[in-house]
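The values are calculated or read from the model by the stated rules, or taken from the named source; none is laboratory data. Since the model is a prediction, treat every value here as computed from it, not as a measurement. Cβ placement follows ideal geometry from the backbone for every residue including glycine, while neighbour counts extend to all protein chains displayed.
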């Protein structure tokens, strides 16, 4: 049995104005509901701070993350029309990060990549 952890996470941070917060939260809920049925999604949800929002999301591997981005492309376009992504990180094992660096849709977002060192996941 292969027990390697190939999970990847993506960390988008949004600037959200007070006047757009209610609309942002509605679109965020639409994203949650759309993502709920994705087989490769490990977790997905939003948290909020002063003028900012964060989407906490993890996927079983690089392919699952890209499938998610394709699945929610229209909703992401709508949410970024009312909020700015000011920081975007992708974390994962080197083999998965290498795959993600090649995806055109991610290149356009210009994320900062972090390579996961050995650890464990329960």
Quiz item: Mind checking whether some residue in segment 75-87 is loosely packed, with under 13 Cβ neighbours inside 10 Å and at pLDDT below 95?
Solution: no
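Residue check: is residue 32 buried (at least 17 other Cβ atoms within 10 Å of the Cβ) and either modelled with pLDDT of 95 or more or within 27 Å of residue 120 (Cβ to Cβ) (or both)?
Values: buried (at least 17 other Cβ atoms within 10 Å of the Cβ): no; either modelled with pLDDT of 95 or more or within 27 Å of residue 120 (Cβ to Cβ) (or both): yes.
The answer is no for residue 32.
Find the residue count for segment 1-29, including only residues that are within 15 Å of the chain's Cα centre (by Cα) and surrounded by fewer than 17 Cβ atoms within 10 Å (Cβ to Cβ). Quick ask: steps written out before the conclusion?
The first filter runs over segment 1-29 and keeps only residues within 15 Å of the chain's Cα centre (by Cα), leaving 7-14, 27-29.
Applying the additional criterion that residues be surrounded by fewer than 17 Cβ atoms within 10 Å (Cβ to Cβ) yields 13, 29.
The qualifying residues number 2.
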Quiz prompt | Residue pairs meeting the criteria (Cβ under 8 Å; at least 6 apart or on separate chains; first loosely packed, with under 12 Cβ neighbours inside 10 Å, in segment 35-46; second part of a helix (DSSP H, G or I)) | solution = 39/64
Quiz item: Are there any pairs with C-beta distances below 8 angstrom linking a residue in segment 106-122 that is at positive phi and surrounded by fewer than 13 Cβ atoms within 10 Å (Cβ to Cβ) to a residue that is part of a strand (DSSP E or B) and modelled with pLDDT of 85 or more, with the two at least 6 apart or on different chains, and if so which?
Solution: 110/88
Quiz item: Only one residue in 68, 91 is surrounded by 17 or more Cβ atoms within 10 Å (Cβ to Cβ) and under 28 Å from residue 23 (Cα atoms). Which one?
Solution: 68
Quiz item: Name the residues in segment 1-28 that are over 23 Å from residue 66 (Cβ atoms) and at pLDDT 95 or above, would you?
Solution: 15, 16, 17, 18, 19, 20, 21, 22, 23, 24, 25, 26
Practice problem: Output the number of the condition that residue 98 fails; it satisfies all remaining conditions of (1) surrounded by fewer than 14 Cβ atoms within 10 Å (Cβ to Cβ); (2) within 18 Å of residue 5 (Cβ to Cβ); (3) touching a residue at least 12 places away in the same chain (Cβ under 8 Å). | Solution: (3)
Quiz item: Which residue out of 114, 59, 44 is at pLDDT 95 or above and more than 23 Å from residue 30 (Cβ to Cβ)?
Solution: 114
